[in-house]
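*Asks:* The structure is given below, and queries will be raised subsequently.
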Amino acid sequence: MIPSDEVRTWIDLARDDRVGEVFRLIFEESAETVRRERPLCLASGRCCHFEAHGHRLYVTGLEAAWFIDQLAERTNRLTIPMVEEARRRGDCPMLEDGLCTVHDIRPFGCRSYFCDPRAGWQEAAYERWHARVRALHEELDVPYAYGEWRDMLTRILEFDGEP
Ligand code: SF4
């Protein structure tokens with residue numbers, strides 16, 4: 001289990017302007033990349049139905065904490081039972097009626113995953129954005145951890161119940 005002091009550091013930093021700025025720039029770059037590359041999206045659901053398609057979404061602890069902090073300012077609710085239910089279904093807890101309910105704050109891993117076989121730019125884009133977030137951990141001198149989306153969400157959410 002990820003130690004509580006690491007989780008606390010991510011949560012404390014989630015509101016730091018430097019963190020928000022990095023994600024904002026990555027999201028802008030991803031939108032620009034998608035506009036330029038125009039990958040085909042057939043709404044196959046591969047990106048959000050993880051188990052059915054052998055796909056996994058990974059995030060850093062800081063991205064998970066930033067995401068939860070952003071959610072707190074919206075009407076979206078997310079609880080540990082909701083994450084567990086998504087795990088049983090094999091999909092993402094933010095998926096509702098086949099649609100992403102957090103489109104503008106979805107992880108950069110979602111923004112670089114298209115099942116279009118022509119979209120060969122995805123891996124390099126993901127690595128570039130991941131390297132930027134990893135460098136942010138070093139700049140802020142915070143511990144780095146990388147894990148499966150639902151696991152990381154759970155770890156941030158359960159922190160509230162810790163002494
Ligand atoms: S955050 Fe949105 S796009 Fe990403 S896996 Fe979940 S529902 Fe799909």
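*Asks:* Count, please, the residues in region 143-158 that happen to be more than 16 Å from the ligand (Cβ to nearest atom) and of a type in the set (Phe, Trp, Tyr).
*Replies:* Here is the first cut: in region 143-158, the ones more than 16 Å from the ligand (Cβ to nearest atom) are 143-146, 155, 158.
Right, trim to of a type in the set (Phe, Trp, Tyr) and you get 144, 146.
Total meeting the criteria: 2.
*Asks:* Among Leu40, Leu25, Leu62, which is aliphatic (A, V, I, L, M), assigned to a helix (DSSP H, G or I) and surrounded by fewer than 17 Cβ atoms within 10 Å (Cβ to Cβ)? Working first, answer last.
*Replies:* Working: Leu40 fails: assigned to a helix (DSSP H, G or I); Leu62 fails: surrounded by fewer than 17 Cβ atoms within 10 Å (Cβ to Cβ).
Residue meeting the stated conditions: Leu25.
*Asks:* May I pose another question? Write out, first by first residue and then by second, each pair whose Cβ atoms fall under 7 Å of each other, whose residues are 6+ apart or on separate chains, and whose first residue, in region 22-41, is touching a residue at least 40 places away in the same chain (Cβ under 8 Å) while the second is in a loop (DSSP other than H, G, I, E, B) and hydroxyl-bearing (Ser, Thr, Tyr).
*Replies:* Qualifying pairs under 7 Å: Ser30/Ser112.
*Asks:* Could you tell me which numbered condition Trp10 fails, if it satisfies all but one of (1) closer than 23 Å to Leu157 by Cα; (2) over 15 Å from the mean Cα position of the chain (by Cα); (3) of a type outside the set (A, V, I, L, M)?
*Replies:* It is condition (2) that Trp10 fails.
*Asks:* Which ones in region 111-150 are in contact with a helix residue (DSSP H, G or I) (Cβ under 7 Å, 6 or more places away or on another chain) and more than 23 Å from Ile2 (Cβ to Cβ)?
*Replies:* Result: Arg111, Ser112, Tyr113, Phe114, Ala119, Trp121, Ala125.
*Asks:* Okay, next question. Within region 107-121, is there a residue that is more than 24 Å from Ala31 (Cβ to Cβ) and not aromatic (Phe, Trp, Tyr)?
*Replies:* Residues of region 107-121 more than 24 Å from Ala31 (Cβ to Cβ): none.
No - not one qualifying residue is present in region 107-121.
*Asks:* If you don't mind, another one. For region 1-60, what are the residues that are among the basic types (Lys, Arg), within 16 Å of the ligand (Cβ to nearest atom) and closer than 21 Å to Arg132 by Cα?
*Replies:* Our first condition is that a residue be among the basic types (Lys, Arg); within region 1-60, this holds for 8, 15, 18, 24, 35-36, 38, 46, 56.
Narrowing further to those that are within 16 Å of the ligand (Cβ to nearest atom): 46, 56.
Hit for region 1-60 is Arg56, nothing else.
Since every read-out is calculated from the coordinates, none of them should be taken as a lab result. Model, not experiment: these values are computed from the prediction. Positions of Cβ are generated from backbone atoms using ideal geometry, with glycine treated the same way; all protein chains shown enter the neighbour counts.
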